[in-house]
Amino acid sequence: MKKACDACRRRKIKCDGKHPCRHCKLATLSCTYLDIPQRKGRQGETANVISTLRAAQANNAAYLVPVDRSVLRRTGEFTREPGLLPSETIIGCTEFFFTRLRSTLPIVNREKFQRDVILMNDSIESYCLVVSFCAFVIIQTGGVKHTFSDTDGSQLEADISHGRALLDEALAARRQLDILAEPTFETVTVSFFLYGCHVGLGLQRQGWFFLREATTLYSTRTFKSDDSSDEAIYLELLWQNLYWLLLVSERSHAIRRYRPITLQITSETPELSESSSTVSNGLKYLAELFRPFDETFMALWNKADALCLPPSLVGLEQKILAAVPASAVDLSDDQIANLRVSQQWLRTMVWRLSTSLGFLSSSSANDCMTFRYPLQIAKDLTLSTFKLPQQSMEIHGIGLTEKIYDVACTLTDVLSCIPSIESKPSSFELGPEDYLNYFFSLIYRLRGGKSRFLPLLLRIVNQTLPSLIAPITRHLQIPGGLSEYGVLATDLKLGYDETMFGFHDAEMNLWLERGRISTDVRDRVEQRDVRSDLHM
């Protein structure tokens, strides 16, 4: 009898020779002893290695030239990078994901993923999934070895570099897959992970490409299945979660970058299964937040349509407020951070649309149609997040920091139009300037905010509320004050490293304009009806 079964021989691990063996039991594999051992070594004319080498060198002088892996990848050939993905990295990313991220991204099943880990040496699809999964976790969180309170950025930079290398490996492996074949759950999930990796690195346009690819692949899959097994039913639940996660990601990205949307909610849209677990509830509330932002809203937002009445936006505001209960005791801190920031950000976006359509009025019975409404949004965001630990906010990556930046920019513009006496309440109450200081401190502390968004926000405040610059820099305890960001805060081309954040001049202008109220609304502020609204 052979000493190793077929599976252990294929996996090159030690087998105990039992039937079934211990490794096959753990991996739920069929344990067989059918393969016939082959004779080792070279046979016949090829047995003499020296003769073979001499003949080959005579026919090809470049026989011993080392292989350049970059050339192989450019020509379409793929060879796996040795040592890039050790088992310690896979275990660390897996544990981190199922401990912290799965409550927000319930699209990965632990047992199914462990099978892909076992098969990744033989399956290019499984290998691509595992590599993109680890790249996403590392880039999204700054690395599983990185602690959120770590002030030394050396480990963070090393982890991000490792994440970039894993991303390159996943892209190279993915080229070996037939993207036009029938979409599988793994191929769509890989596209989503690639989207998250690129957005986490600031490569927004590349990220949008993979997000659109994921939504397109989902739309072209075969929905009907006759398989009624438990595994097939569970896989369908994962498909449902993936659909709503793609819908939320697409609509959030489309609002931030003024893009169209692909996924629409119809009578055949898969609804989220009713569950008492916090994982389902967190995604359910998030889906309800973004459900109203359909193609009608996007047409108005992208200025493809101008036909809108104030009651429709008032109704949209009410849906946003009702989507997340005031006391969500069934949610974790990680889920609450994502939901509350997204909720207040969406309220800000609806208010901005109201300003561009000219719906603001001092006589409006709805607060969301008044010029002062961003002050209430800022208050709600502050009160709902100031007790949350920093880790629960930082776990969501740069996207959450960007939303806080949008709310802070809108608050800054509104404060510039309010008399200073109104922005300073009694000493026992928090006021708008306190909210702005809080947003500055969040952006300063959250990963990526200090280098990416803080200079932009300082520039806007320096232009509209220069008297607040000194208090803000003291509040943040910036050693050099504004001088540390002086060049960045006064130059339109802020000199960002494009390879790191992917910013171009046109996109930089968009970032700055997103923080500013349109000129026509500012003109209306000077009118008596809006000015009287400020004093109410």
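Debye sum, Cα scatterers, the range 292-379, no solvent: what log₁₀ I/I(0) at q = 0.15, 0.18, 0.25 1/Å?
Here the Debye-derived log intensity ratios amount to -0.60, -0.82, -1.31.
With a 1.4 Å probe and all protein chains left in place, how much accessible area per residue does the range 206-271 have, in Å²?
Working: 3210 Å² over 66 residues.
Normalised by residue count, the accessible surface of the range 206-271 is 49 Å².
Could you work out how far apart the two model spin labels at Asp330 and Leu180 are, taking each label as a point 7 Å from the Cα in the direction of the beta carbon, and quote it in nm?
Using points 7 Å along Cα→Cβ, the separation is 4.6 nm.
Over the Cα atoms of the range 180-231, what radius of gyration and what Dmax do you get, in Å?
Looking at the range 180-231, its Cα Rg and Dmax stand at 13.4, 42 Å.
The values are calculated or read from the model by the stated rules, or taken from the named source; none is laboratory data. Here the structure is a predicted model, which means the values were calculated and not measured. For neighbour counting, all protein chains shown are included, and Cβ atoms are generated from backbone atoms with ideal geometry for every residue, glycine included. To get the accessible areas, we keep the full protein, side chains included, count just its heavy atoms, and leave off ligands, DNA and RNA. Shrake-Rupley method; radii C 1.70, N 1.55, O 1.52, S 1.80 Å.
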